[in-house]
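Asker: After the structure tokens below, expect a handful of questions from me.
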Amino acid sequence: MFKSVGRVVGHHPVRVILAWVAIVLGIACLAAAVVGNSSSTSQQQTDFLPSKYESVQAAKLAARYFPQPAGAQATLVVTRADHRQLSDADLRTASQLITRLDERADLPKLEGIDPHTLVAAPNRTVAIATAQFTDTSGQADVISSMHDLRSQTRDAFDGSGLRAQYTGEVAQVADAGAVQTLIVFGTVAAIFLLLLVLFRSIVVAVGAVGLMYVVGAVVHMLLAIAAHIWGFKIDETTTSLLPIVLFGVGTDYVVFFMFRYREQLRQGLDHRVAIEKAIGLVGEAVSSSAFAVIVSFAALALSQLKSLRLLGPALGLAVLVMLASSLTLIPAVLALTGKRISRRRSWREAPSARRVSPVASFVSRRPVATLAVTLATFIALGTAALGMQADYRAPNPPSGTESGQAWADVQRAFPKGVLYPTDVYVHANTGQVDASHLRGVREQIEQLPGVGAVAAPAVNGAGDTALFSVELSADPSSPQAVNVIRHQLVPAADRMSDTAQTVQVGGPTMAQSDFQTALARDMRIIFPVAGLLIGLILVLMLRALVAPALLMISVALGFTATLGAAVIAFQGIGSHPGLQGTLPMIVYLFVASIGTDYNILMIARIKEESEAGTSPRDAVRRAICYTGPSVAAAAVVLASSFAILMLSPYVSQVGFAVAAGVLISMWLSSWLYVPALSAVLGHRMWWPSRAGRDLPGTGLAHPAPTREPVGR
């Protein structure tokens with residue numbers, strides 16, 4: 001199949017390019033017609049939990065009986081410029097300025113700023129008010145209005161001796177947009193520089209990045225169309241990871257193809273014939289690698305969390321489209337424009353193998369020692385993973401942004417239990433709620449361990465539902481608060497529920513508790529399913545049983561080693577209280593799939609050399625020399641892409657962990673573990689197939705290669 005694809009691309013590149021142009025234009029027109037300027041983003045945890053969880057049921061109860069404006073909000077934070085306490089005169093001035101601002105601020109999607117919402121903190125160093133918008137925070141007009149509102153607010157408060165800044169959902173999304181833009185541009189710049197260094201051609205670097213940008217736009221449009229049609233919402237993790245996967249994984253596949261293409265040029269082949277042969281040779285390995293990534297992400301479809309169920313198809317779609325472009329569009333453009341480049345001496349002459357040969361020689365000559373050192377390193381890093389503490393708290397906005405500075409002021413001034421109260425709803429199944437009964441509910445809640453204070457109930461207009469605002473003694477996002485919810489408040493609510501009334505617990509701590517429960521269930525199911533699917537891909541690709549089993553062991557070792565590296569970096573060196581609760585899931589999927597990527601490319605080359613009649617140790621040496629540099633180059637590109645995510649406070653741990661996992665998978669797994677095992681086991685690695693075994697009367701399965709391996 002891949003030989004046929006290579007022939008079409010090599011001989012008919014114009015047709016391939018025109019087909020891609022037609023596809024891109026068709027998708028763009030469909031996106032413009034279907035999606036328009038709408039947004040499908042969300043930051044609310046309850047938007048991504050199944051309806052069976054209590055926090056979601058409580059949110060529905062709140063929406064029905066205590067409806068709030070549908071749009072997103074921002075919080076105006078007022079402080080004195082000299083950092084002293086706010087006087088009564090300061091609060092009156094702030095209220096007057098907010099009133100004028102509300103009257104003058106005629107901005108799209110801004111409903112207004114209500115001066116009556118102005119509340120001073122107990123220590124009077126901060127006062128906050130609410131800016132209400134009419135649409136979600138991901139909408140472009142909302143973000144634009146947020147920027148304009150900040151400018152108008154600064155003008156309104158200028159000369160008053162007061163400082164006004166915005167935080168909250170809309171302000172944080174506006175600030176995160178700048179960080180996300182920096183991440184995307186940083187990723188593109190890093191990939192451009194690395195491609196320039198690898199291929200010493202500005203045309204190749206610009207062309208590859210430009211084509212990947214176009215293909216990435218296609219993926220974004222397809223995702224937006226799907227979100228609009230099926231009504232799902234996109235969270236920050238997906239929007240942060242998608243560009244990295246698009247450019248990072250896409251560059252990996254381009255690098256794999258380009259290295260094999262240059263290898264064919266060094267065999268003396270014509271430019272287009274080299275492209276055809278390269279696709280035929282690398283197509284199966286790259287496609288197997290890509291589908292290993294795709295099926296591991298597909299396992300997320302089993303998640304109870306809607307955010308993970310979206311993340312899997314979104315990233316899988318990105319990988320699939322990038323795979324198609326790396327085997328068709330990019331080679332077709334190269335076939336049309338790259339003939340002059342292919343004639344360069346540096347592309348047709350074999351570079352020195354000085355950097356690779358020592359490793360290749362050592363692994364092939366001393367495979368047992370290599371295997372022992374590699375396993376010891378895996379185990380040492382993996383041991384650190386035993387000390388992992390899960391932290392489910394949402395990261396604070398960046399301290400260098402306005403929303404981060406304002407949020408820090410709010411957190412210092414207000415008790416956290418006030419900022420994130422737990423909601424307890426009492427709903428009368430028939431008639432109205434009884435006042436004396438509500439007093440009894442309040443008394444029972446106040447007596448629970450871990451409850452700090454309970455406000456008087458708010459009753460809706462119909463009188464059939466009451467809301468208690470409960471302040472927990474511990475930080476509402478801490479494990480202690482979650483334990484109070486699980487072991488005290490929820491059981492008490494269950495005891496108080498009967499045929500006459502329903503008592504339910506909501507709020508951010510309840511949502512966090514439900515999120516942890518759902519995630520723990522997901523990991524028990526998704527981990528083995530993803531491993532099984534990846535193993536199946538390996539069996540089909542290698543047509544063997546021993547090699548896939550041993551490769552899956554390296555996947556498990558790579559996962560624990562990566563998690564251990566993250567524990568050392570963040571809990572040890574960084575003194576963080578723990579790692580993000582979703583990190584093990586994301587690391588497992590990325591390291592398992594991408595680590596398998598590199599293992600597949602290395603083991604495929606070892607098998608190719610074995611089938612050509614090379615001895616097991618020589619096959620290992622040649623595979624490291626031929627494939628090692630391309631794997632290393634791809635790993636550096638991908639690790640650099642993920643490392644840039646460390647600029648974002650929301651996914652910095654993901655960025656570090658996946659970057660470390662990619663390098664661990666490249667170096668320990670594909671360069672050392674896989675070749676060393678292959679050298680030790682020899683032809684037994686391919687059992688029950690007969691790869692590399694001598695055929696009767698010839699001594700070889702295929703003619704043995706005569707050229708010595710080179711560095712690239």
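The values are calculated or read from the model by the stated rules, or taken from the named source; none is laboratory data. Bear in mind that the values here come from a model prediction, so they are computed numbers and not experimental data. So basically every Cβ, Gly included, is an ideal-geometry build from the backbone, and we count neighbours across all protein chains shown.
Yes or no, residue by residue, for (1) more than 20 Å from the chain's Cα centre (by Cα); (2) at positive phi:
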position	(1), (2)
A520	no, no
F527	no, no
L533	yes, no
L536	yes, no
R543	yes, yes
V546	yes, no
A549	yes, no
S554	yes, no
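Asker: Of everything in region 379-415, what is surrounded by 16 or more Cβ atoms within 10 Å (Cβ to Cβ) and touching a Phe, Trp or Tyr at 6+ places or on another chain (Cβ under 8 Å)? Give them in sequence order.
Answerer: Answer for region 379-415, where residues must be surrounded by 16 or more Cβ atoms within 10 Å (Cβ to Cβ) and touching a Phe, Trp or Tyr at 6+ places or on another chain (Cβ under 8 Å): Y392, P397, E402, S403, A406.
Asker: Give the residues of region 130-149 that are out of contact with any Gly (no Cβ under 8 Å at 6 or more places or on another chain), over 19 Å from V77 (Cβ atoms) and hydroxyl-bearing (S, T, Y), sorted by residue number.
Answerer: Correct list: S144 only.
Asker: Moving to a separate point now. Among the residues of region 169-220, which ones are free of Cβ contacts under 8 Å to residues at least 24 places away in the same chain and among the polar types (S, T, N, Q)?
Answerer: Selection gives T181 alone.
Asker: If we keep just the residues of region 420-460 that are assigned to a helix (DSSP H, G or I) and closer than 27 Å to P479 by Cα, which is nearest to the chain's Cα centre (by Cα)?
Answerer: So the residue we want is I445.
Asker: Can you confirm whether G692 is modelled with pLDDT of 85 or more, under 15 Å from R617 (Cα atoms) and either in a loop (DSSP other than H, G, I, E, B) or over 26 Å from the mean Cα position of the chain (by Cα) (or both)?
Answerer: In short, no.
Asker: What number of residues in region 565-592 are over 12 Å from the mean Cα position of the chain (by Cα), over 12 Å from G661 (Cα atoms) and in a helix (DSSP H, G or I)?
Answerer: Residues flagged as over 12 Å from the mean Cα position of the chain (by Cα), over 12 Å from G661 (Cα atoms) and in a helix (DSSP H, G or I) within region 565-592 amount to 7.
Asker: Looking at region 593-621 only, could you name the residues that are in a helix (DSSP H, G or I) and surrounded by fewer than 24 Cβ atoms within 10 Å (Cβ to Cβ)?
Answerer: Selection gives A604, E608, E611, P616, R617, D618.
Asker: Shifting gears a bit: Given the criterion surrounded by fewer than 23 Cβ atoms within 10 Å (Cβ to Cβ) and in contact with a Gly (Cβ under 6 Å, 6 or more places away or on another chain), identify the matching residue among I341, I275, I294.
Answerer: I294
Asker: When you check T130 against the structure, is it touching a Ser or Thr at 6+ places or on another chain (Cβ under 8 Å) and touching a residue at least 40 places away in the same chain (Cβ under 8 Å), yes or no?
Answerer: So T130 fits the description; yes.
Asker: If you check every pair at least six apart or on different chains, which have Cβ atoms under 7 Å apart with a residue in region 544-564 that is over 12 Å from T596 (Cβ atoms) first and a residue that is surrounded by fewer than 19 Cβ atoms within 10 Å (Cβ to Cβ) and of a type in the set (S, T, N, Q) second?
Answerer: A544/S689; G564/T383
Asker: Free of Cβ contacts under 8 Å to residues at least 60 places away in the same chain and polar (S, T, N, Q), is that true of S593?
Answerer: So S593 does not fit the description; no.
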